[in-house]
Amino acid sequence: MSLYKQTVFTGVATALITPFCGGEIDYEALERMIEQQIDAGIAALLLCGTTGEGATLTVKEHYEMIRFAKEKIRDRVPLLGGCGSNCTSHAIELANAVAEGGADALLAVTPYYNKTNDRGIVQHYRALADASPRPLMLYNVPTRTGFGMKLEHYRELSSHPNIVALKEASADLGLLEATCTECGDRLDVYTGNDHHVISASRLGARGIISVYSNVDPRGMIELWKLCSTGEYRLAGERRARCLARMQALFSEVNPIPVKYVASLKGLCHAEYRLPLAPPSTECAKRLQALFSQ
């Protein structure tokens with residue numbers, strides 16, 4: 001990373017689920033999960049992201065949840081806050097709320113549904129970065145948004161002083177490699193795909209923003225440590241042992257499975273906000289079998 005931009009974290013960050021109880025945020029469960037993650041040695045925490053059902057949270061809930069987490073974390077690890085929207089002005093409103101709550105950096109997914117074009121995506125992120133009082137991380141996940149970032153977007157946006165990182169969650173490892181190669185001195189690259197952790201490390205990623213680490217933070221941390229020290233054979237063996245569980249967490253749309261597994265572990269209730277609903281009977285049985293081992 002450039003000397004003129006900060007690195008937000010190195011290693012494993014957890015894209016934390018948002019616990020609900022009776023339709024409201026369950027702050028007792030949230031504190032329990034935060035402490036579990038920090039005790040395990042996690043490098044950073046992301047709240048109000050995709051896995052945190054951020055699209056269903058109000059601006060006030062974004063602010064209050066980040067403020068609560070900031071108080072409980074006590075600067076032991078960096079706190080990232082999601083602020084993505086398909087409306088640029090609303091994304092700026094969320095960014096300001098999350099920053100005011102105390103987030104150390106912001107994560108903004110590409111606009112969804114109405115999507116955009118090449119000029120629009122650059123203008124969207126520039127406007128957000130200009131308005132944001134915190135460092136901004138881009139987030140590319142085309143399977144969910146219907147829009148895929150390109151290398152030329154990363155080249156252009158990486159020159160912005162407040163755009164510091166990228167969560168690359170497409171299936172295109174070639175794009176991740178090219179971005180690390182061409183923009184790595186201006187943009188820290190993280191993978192958002194648990195099953196890509198070894199490949200992403202080999203290609204130059206600085207870390208991972210993980211779903212799996214919600215329910216096995218120590219396992220994911222150990223896997224990254226093996227990658228970061230070049231012990232890829234051992235990393236491959238460890239990944240093979242947990243691959244079925246990683247894949248099961250995406251057997252239905254995220255975060256339905258991971259929140260259900262977290263409930264099995266006593267971390268939170270298996271409660272979702274519509275349009276998300278509990279897992280099917282078949283999915284629940286598979287998760288019970290895999291995560292009881």
Problem set entry | Pick from the range 178-206, criterion in contact with a Leu (Cβ under 7 Å, 6 or more places away or on another chain) and of a type in the set (A, V, I, L, M, F, W, C), ranking: most open to solvent (accessible area, probe 1.4 Å) | 203
For this session: Among residues belonging to the range 266-281 that are touching a residue at least 40 places away in the same chain (Cβ under 8 Å) and closer than 18 Å to residue 250 by Cβ, point out the one that is surrounded by the fewest Cβ atoms within 10 Å (Cβ to Cβ).
Result: 276
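In the range 123-146, is there at least one residue being of a type in the set (Gly, Ala, Ser), in contact with a Lys or Arg (Cβ under 7 Å, 6 or more places away or on another chain) and in contact (Cβ under 8 Å) with a residue 12 or more places away in the chain?
yes
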Seminar exercise, completed: If you go through 263, 228, 280, the only one that is under 21 Å from residue 190 (Cα atoms), more than 19 Å from the chain's Cα centre (by Cα) and of a type in the set (Gly, Ala, Ser) is 228
Exercise. Just to be sure, is residue 58 polar (S, T, N, Q) and either in contact with a Ser or Thr (Cβ under 8 Å, 6 or more places away or on another chain) or within 24 Å of residue 206 (Cβ to Cβ) (or both)?
Worked result: no
Problem set entry | Matching helices (runs of 4 or more DSSP H) fully within the range 137-188 where at least 3 residues are within 22 Å of residue 85 (Cα to Cα) and touching a Cys at 6+ places or on another chain (Cβ under 7 Å) | none
Problem set entry | Residue within the range 49-58 that is touching a strand residue (DSSP E or B) at 6+ places or on another chain (Cβ under 6 Å), surrounded by fewer than 22 Cβ atoms within 10 Å (Cβ to Cβ) and either of a type in the set (A, V, I, L, M, F, W, C) or modelled with pLDDT of 95 or more (or both) present | no
Exercise. Within 19 Å of residue 186 (Cα to Cα), of a type in the set (Gly, Ala, Ser) and part of a strand (DSSP E or B), is that true of residue 127?
Worked result: no
For this session: Residue by residue through the range 62-106, note down the ones that are polar (S, T, N, Q) and in a helix (DSSP H, G or I).
Result: 88, 89, 96
Problem set entry | Index of the failed condition, residue 252 passing every other in (1) over 19 Å from residue 37 (Cα atoms); (2) in contact with a helix residue (DSSP H, G or I) (Cβ under 9 Å, 6 or more places away or on another chain); (3) not in a loop (DSSP other than H, G, I, E, B); (4) not polar (S, T, N, Q) | (3)
Exercise. Do the conditions hold for residue 219, that is, is it small (Gly, Ala, Ser), open to solvent by 10 Å² or more (accessible area, probe 1.4 Å) and farther than 30 Å from residue 35 by Cβ?
Worked result: no
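Could you go through the range 150-169 and let me know if any residue there is of a type in the set (Phe, Trp, Tyr), closer than 30 Å to residue 226 by Cβ, touching a residue at least 60 places away in the same chain (Cβ under 8 Å) and open to solvent by less than 50 Å² (accessible area, probe 1.4 Å).
no
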Exercise. Of these, 34, 17, 38, which one is part of a loop (DSSP other than H, G, I, E, B), under 16 Å from residue 79 (Cβ atoms) and open to solvent by less than 40 Å² (accessible area, probe 1.4 Å)?
Worked result: 17
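Rundown of residues vs (1) open to solvent by 10 Å² or more (accessible area, probe 1.4 Å); (2) at positive phi; (3) under 18 Å from the mean Cα position of the chain (by Cα), yes/no style:
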position	(1), (2), (3)
79	no, no, yes
85	no, no, yes
90	yes, no, no
94	no, no, yes
98	no, no, yes
104	yes, no, yes
110	no, no, yes
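The values are calculated or read from the model by the stated rules, or taken from the named source; none is laboratory data. Values in this document were obtained by computation on a predicted structure and should not be read as measured data. All Cβ positions, even for glycine, are placed from backbone atoms using ideal geometry, and neighbour counts span all protein chains on display. Remember, those area values only see protein heavy atoms, side chains included, never the ligands or the DNA or RNA. Shrake-Rupley method; radii C 1.70, N 1.55, O 1.52, S 1.80 Å.
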